[in-house]
């Protein structure tokens, strides 16, 4: 059967086989002192393979083969040794794949040489994540961030990776001269595009700061959901707010931050923010490009770290999230609050789930939930309220006849235990109320009877 080529939007030929991919996870044997190696070793080989497969499926590729490849001695020009390259070539040809995904950073030279050896397109982990980001971004800010990250990545690929680098362009201007090489011209053009995007992004950031300052004038605390990608953040967000944020069993299902108001059990309001999922070994320029997306995390009064407790690699994932939070300036020592949400207990065996709940009871920073089933959500809301507003206090308040406009506010912001309508038209209420709301109530009320119902 004759296979016809198709052209995509950039004019590059694409064949049907390019939807079939071979996924490789190199396991590099390096010195224990190597920090990167130590980071990678924290994650099991099977977990890395599963994640790489998940990333590949996130852009709708058919996986022909997926395997872990031991690399005893990385080669500077190809990463893999000659024997392993030959084995993978045979696998690519047998599976009729048109794409090889290497779950590891590749230098431009390594990428070019592997493409020459295997005669197919090769992309590394960074290129794959960028592709996912490109498909998921929906807001103007998200699109700009993706474009910026793409250009920075592409700029790095210009080093000794093109075949036309020796071409000369004619000199211009009255002084003449030897001209400039094609790579110099291309790099200059890319740099101009990068600067233009950075200016646009800065404008978007200023707009977001204005919106944030406006929100601050309405004193609603900000609660941010963070977590490893696919931990269930968007499902929890939907459960808490009743909104329809994309929540799929797919890596990086959410890319743009989403903000919603959330009413707490005793009437208090917070702003809930859902953010992009974190992932291990995210390149530095990607973190920098998406920093504005994560600004809600930096500004948050409370962080909810959502963890998939059914994942055997959950501890390594938690460490990755903690490292990124620290890089954003949100560490354990900054005095701001963080609550772990142990999610997906519906996927665990009953005994394991029971043990997890027992463990959480002895901790003051963990809540066990199933965002999908709704289990533990009431306890989570109560804990958010406690951490944001302080513990509930019981008190009596008297609302005079000329203060009746405050009555709806009291009912909305507190839990009314009893009500007594007085003969003079006043209303006496026994309420449970948070410390923050109680202070605001004092500012609104002209008369406060006291805090102990037994006094009256």
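The values are calculated or read from the model by the stated rules, or taken from the named source; none is laboratory data. Bear in mind the structure is a predicted one, so any value in this text is a computation, not a measurement. Counting neighbours? That spans all protein chains shown, and the Cβs are built from the backbone with ideal geometry, glycine included.
Tabulated data for the structure shown
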| read-out | value |
| --- | --- |
| Of all residues in the stretch 73-99 being closer than 16 Å to residue 21 by Cβ and touching a residue at least 40 places away in the same chain (Cβ under 8 Å), the one that is surrounded by the most Cβ atoms within 10 Å (Cβ to Cβ) | 97 |
| Boolean, residue 128 is in the same structural domain as residue 79 (by TED's automatic domain parsing), touching a strand residue (DSSP E or B) at 6+ places or on another chain (Cβ under 7 Å), in a helix (DSSP H, G or I) and within 20 Å of residue 27 (Cβ to Cβ) | yes |
| Lone qualifier among 268, 232 - being more than 22 Å from residue 307 (Cβ to Cβ) and either modelled with pLDDT under 70 or crowded, with 17+ Cβ neighbours inside 10 Å (or both) | 268 |
| The stretch 235-265 - residue that is modelled with pLDDT of 75 or more, part of a loop (DSSP other than H, G, I, E, B) and out of contact with any strand residue (DSSP E or B) (no Cβ under 7 Å at 6 or more places or on another chain) and, of those, surrounded by the most Cβ atoms within 10 Å (Cβ to Cβ) | 265 |
| Residue match in the stretch 201-222 (condition: more than 30 Å from residue 52 (Cβ to Cβ) and modelled with pLDDT of 85 or more) | no |
| Top-ranked residue in the stretch 54-68 [being touching a strand residue (DSSP E or B) at 6+ places or on another chain (Cβ under 7 Å) and crowded, with 19+ Cβ neighbours inside 10 Å; ranked as modelled with the highest pLDDT] | 64 |
| Residue in the stretch 103-121 that is under 30 Å from residue 202 (Cβ atoms) and touching a strand residue (DSSP E or B) at 6+ places or on another chain (Cβ under 8 Å) present | yes |
| Exclusive hit being in a helix (DSSP H, G or I) and either more than 26 Å from residue 316 (Cα to Cα) or in the same structural domain as residue 313 (by TED's automatic domain parsing) (or both), set 52, 86 | 86 |
| Selected residue (only one of 300, 352 is over 30 Å from residue 155 (Cβ atoms), crowded, with 20+ Cβ neighbours inside 10 Å and at pLDDT 75 or above) | 300 |
| Yes/no for residue 313 being at pLDDT below 90, in the same structural domain as residue 224 (by TED's automatic domain parsing), surrounded by 19 or more Cβ atoms within 10 Å (Cβ to Cβ) and under 20 Å from residue 43 (Cα atoms) | yes |
| Those residues of the stretch 396-406 which are closer than 11 Å to residue 426 by Cα and surrounded by fewer than 14 Cβ atoms within 10 Å (Cβ to Cβ), in sequence order | 401, 402, 404 |
| Looking only at the stretch 362-387, and only at residues there that are under 10 Å from residue 236 (Cα atoms) and crowded, with 18+ Cβ neighbours inside 10 Å, the one that is nearest to the chain's Cα centre (by Cα) | 371 |
